[in-house]
Each structure stands twice: as structure tokens, then as C-alpha cells.
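There's a structure below that I have some questions on.
No lab work stands behind these numbers, since they all come straight from the coordinates. All figures in this text were calculated on a predicted structure; none of them were measured in a lab. Neighbour counts run over all protein chains shown; Cβ positions are idealised from the backbone, glycine included.
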Amino acid sequence: MKPFLFLDVDGPLNPFAAARRRLPGYLTRAVRPAGWAWTEPLELRLNPAHGERLRALAGRYELVWASTWEAEANTYVAPELGLPALPYVHWPTRTAGPDGTFWKLREVVAHAAGRPFAWVDDEVGPSDRAWVDGHYPAPAALLRIDPARGLVEEDFLALEEWAESL
């Protein structure tokens, strides 16, 4: 059984903290997902090359959205990256996790259900890694992605190497 690859959208795939200049390789469009409460549309910046890399990783991983976009990632993000509709983690609560961990950790771990997993997110941190290392029964790789740059080559290589190490 393949390990999971949990994918956050905002930060890793949509580098929202990048300067407003055009990012090389990224296409930008304004979208208004159902959960978007602000007046102005959301600027969604995606790099089609990430779709190629993720499709290649799908040979080693089971891809799952781990984003507040939930099912809407399949509407707005997957088609732009040439990905099929993916399963997604549902977030019933957004309160801090155990031992000061990121609020997504509980549901990611529950979804993984003891299987190895990698998780790319701009908000995972040392407390999440420590909690997983101390409590999770299978190998796990948590990669914090800089939301000003998004996923880069070294991140994809790290994911490939980690999957090979299992």
C-alpha cells in the first residue's frame, strides 16, 4: 500500500506570500470559492509544472488534498494542474491540536490511519514533527513549505527520496 501525500494548496501550490510580481512558470487567475468570505476574489497562482511532478509522485503516493479548500480543490486547483479529482481531508474543527500542534494535525493523522505519510504545508512546525515522532506508529515526513516560494525542486526531490526510503 502506497504512503499518503497530503497536499495543502495555499502556500505549497499557491504561493500567496510571494511578492505581487509575476512568478516564473505560474499562471494567475482570480477565483471565488464558496468558502471565500472577502469582497475581492482570491488570487490563485499555480504552476502547471507542479502538476507534472505530482502526477509522477502519484506512482509512489496516494495523493490527498489537506487544504481548507477541501472539495473545491478539485474544482479550482486539480484541473489547472492536470490532476484527477482527489480525495480530501474534511476539517470539522479548526482549534489548536494536542501539545500546541497545528490544528490540521489531528485530521491528517486520523486520515492516514497508521499508514506512512508525507505532508506538505506552510504551517507545519517543530511541535507537529515532535508529536508525530512520539505518537504516530508509521514513518511520516512533514515538509514546511515557504508560502513566498511554494514547492520547489528540492521539495519534490525530498518527497521522491523519502518514498524510496520506505
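So for region 4-165, averaging the separation of alpha carbon pairs under 8 Å that are six or more residues apart and normalising by length, what relative contact order in percent results?
Averaging sequence separation for qualifying contacts and normalising by length gives 31 percent for region 4-165.
OK, next. I need the semi-axes of the equivalent ellipsoid of region 1-52: take the C-alpha gyration tensor, multiply each eigenvalue by 5, square-root it, list largest first in whole angstrom.
Equivalent ellipsoid of region 1-52: 22, 17, 9 Å, largest first.
Quick one: what are the phi-derived ³J(HN,Hα) couplings along region 131-137, Karplus 6.51/-1.76/1.60 with θ = phi - 60°, whole Hz, x for glycine and proline?
For region 131-137, the Karplus-derived couplings read 5, 4, 4, x, 10, 8, x Hz, x marking Gly and Pro.
If a paramagnetic tag sat 7 Å from the Cα of Trp91 along the Cα-Cβ line, which residues of region 115-132 would have the backbone N under 13 Å from that point?
121-124
Report the FRET efficiency, 1/(1 + (r/R0)^6), for Lys2 and Thr75, where r is their Cβ-Cβ distance and R0 is 25 Å, rounded to 0.05.
It comes out at approximately 0.50.
Now a separate question. One quarter of the convex hull surface, Cα atoms only: what value does that give for the chain in nm²? Walk me through the numbers on the way to the answer.
Values: hull surface 38.0 nm².
Average of the hull's projected areas for the chain equals 9.5 nm².
A further question on this structure: Distance between Cα centroids, region 123-144 to region 11-38: provide it in whole Å.
27
Here's something else I'd like to know. Which loop-located chymotrypsin sites (Phe, Trp or Tyr not before Pro) does region 89-166 contain, where loop means any DSSP state but H, G, I, E or B and the Cβ has at most 13 other Cβ atoms within 10 Å?
Trp103
Another question about this same structure. Work out from phi, with θ = phi - 60° and the Karplus expression 6.51 cos²θ - 1.76 cosθ + 1.60, the ³J(HN,Hα) of each residue of region 107-115, listed in order in whole Hz, and give x for Gly and Pro.
For region 107-115, the Karplus curve yields 6, 4, 5, 5, 5, 5, 6, x, 7 Hz.
Follow-up. How much FRET efficiency would the formula 1/(1 + (r/R0)^6) give for Glu62 and Arg21, where r is the Cβ-Cβ distance and R0 is 35 Å, rounded to 0.05?
Efficiency, from the Cβ-Cβ distance: 0.50.
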